[in-house]
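**Q** Starting off with a structure, shown below.
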Amino acid sequence: MIRKVIYLLCAFCLWYWLMGGDRDTLTAHSPVVEYYQLKIPDSLPPPVYNFKNNPLTKEGFALGRHLFYDPKLSVDSSISCGFCHQQFAGFGHYDHALSHGVLGRTGNRSVPTLFNLIWQKDFMWDGGVNHLDIQPLTPITDENEMGMDLKALIDRLQGNQTYKQLFKAAYGSEEVTSERMFKALSQFIATMLSFESKYDSVMRREPGVTFTAEEQGGYRTFMQKCAGCHKPPLFTDYSLRNNGLPYLPSMNDVGRMRITNNTADYLKFKVPSLRNVLVSSPYMHDGRFFDIFQVFDMYDHGQEKGNTIDPLVKNGIPLNPKEQRQLYMFLNTLTDKKFLKNQDFSEILITD
């Protein structure tokens, strides 16, 4: 518990510093950078991420992409952000129930997908991080993930000639700071938008694009039984809920209650987006389900009716075989193949 309190205090202090501290060091230099505007569909609400505090530049994006795919961010230079967040899986970790880290270690939760995060106010399965700019702190320093001391990481990057050039291009000087590093990572991650699926084409009424009869049936079932939590167009409401997933004593994961110590938050976890869901298994916070039909079955007849179960699902979600099949077909329309193959986000080879 003490470790958790210290972690939260450190995270808050770092957030405070990132939001307002030491900005003179950023404005003392005037780098020649190329700004660009992120293209956001008109149908979406305004992002909650404040780009005024971290303007998008091509140089910042390039630095963030390099950092994202560089294993030097881990203690033994074996694990990068991109190692767990794989593009073909919606930047989740396909076919691994739990996150894999340095020295053969394993985390205790599944790897969340990364896209459309600029609409998200808090992060991690339990909402324990409250800003995108400090989210990478947790996996970088966690002993079961990247296991890196933050000061040692800054010293490592400062001694690297490539990073000196990248930081100078993005910020006007070669100085490597945690603020600059985290904001560059945010620039890369913030541009990961996924709104080019078949579903989006149908909603935009693009010529010649329509749901099949099976997809239409699944869409109808989805709107009746699933959209209360997985609200279109983001396909999540970003809330934390107890969905009735049975507690596993072996995992000893109580969800949001681990952060708040409030019994009302027992087994509450973040509602994930269902975009790209069929390419980003396994499912649930502990990756226990590798097939979407297992998820359907859990809601149909496998819930645990605890005191904190969400009212929207406390009576289960009855799904007969036809509804399950059609729901699967609809969820398939949420796969954004353009996003999964977008070369702007693809892995780069780090050679130094």
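The values are calculated or read from the model by the stated rules, or taken from the named source; none is laboratory data. Everything quoted here is computed from the prediction, not taken from an experiment. Cβ coordinates were reconstructed from backbone atoms using ideal geometry, including for glycine residues, and neighbour counts include every protein chain displayed. Calculation scope for accessible area: heavy atoms of the full protein, side chains included, ligands and nucleic acids excluded. Shrake-Rupley method; radii C 1.70, N 1.55, O 1.52, S 1.80 Å.
**Q** Of everything in the range 238-263, what is open to solvent by less than 60 Å² (accessible area, probe 1.4 Å) and of a type in the set (K, R)? Give them in sequence order.
**A** R241, R256
**Q** For residues in the range 55-79 being part of a loop (DSSP other than H, G, I, E, B) and touching a residue at least 40 places away in the same chain (Cβ under 8 Å), which is farthest from I118 (Cα to Cα)?
**A** D76
**Q** Related question: Spot the failing condition for Y49; the list is (1) farther than 15 Å from Q135 by Cβ; (2) within 21 Å of the chain's Cα centre (by Cα); (3) modelled with pLDDT of 95 or more, and only one is missed.
**A** The failed condition is (1).
**Q** Would you call Y238 farther than 28 Å from K341 by Cα, touching a residue at least 40 places away in the same chain (Cβ under 8 Å) and out of contact with any His (no Cβ under 8 Å at 6 or more places or on another chain)?
**A** no
**Q** For R205, state whether it is touching a Cys at 6+ places or on another chain (Cβ under 8 Å) and open to solvent by 30 Å² or more (accessible area, probe 1.4 Å).
**A** So R205 fails the test.
For (1) touching a strand residue (DSSP E or B) at 6+ places or on another chain (Cβ under 9 Å); (2) under 30 Å from R258 (Cα atoms); (3) surrounded by fewer than 15 Cβ atoms within 10 Å (Cβ to Cβ), each residue gets a yes or a no:
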{"residue": "S201", "(1), (2), (3)": "no, no, no"}
{"residue": "V209", "(1), (2), (3)": "no, no, yes"}
{"residue": "A213", "(1), (2), (3)": "no, no, yes"}
{"residue": "G217", "(1), (2), (3)": "no, no, no"}
{"residue": "T221", "(1), (2), (3)": "no, no, no"}
{"residue": "C226", "(1), (2), (3)": "no, yes, no"}
{"residue": "H230", "(1), (2), (3)": "no, yes, no"}
{"residue": "T236", "(1), (2), (3)": "yes, yes, no"}
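**Q** To continue, here is another question. Residue by residue through the range 203-218, note down the ones that are in a loop (DSSP other than H, G, I, E, B) and hydrophobic (A, V, I, L, M, F, W, C).
**A** The answer is V209, F211.
**Q** A further question on this structure: Just the residues that are in contact with a helix residue (DSSP H, G or I) (Cβ under 8 Å, 6 or more places away or on another chain) and not aromatic (F, W, Y), please, taken from the range 271-287.
**A** Of everything in the range 271-287, those that are in contact with a helix residue (DSSP H, G or I) (Cβ under 8 Å, 6 or more places away or on another chain) and not aromatic (F, W, Y) turn out to be L274, N276, V277, L278, V279, S280, S281, M284.
**Q** Specify which of the listed residues (H85, H100, H96) is at pLDDT below 95 and in contact with a strand residue (DSSP E or B) (Cβ under 8 Å, 6 or more places away or on another chain).
**A** From the options H85, H100, H96, the qualifying one is H100.
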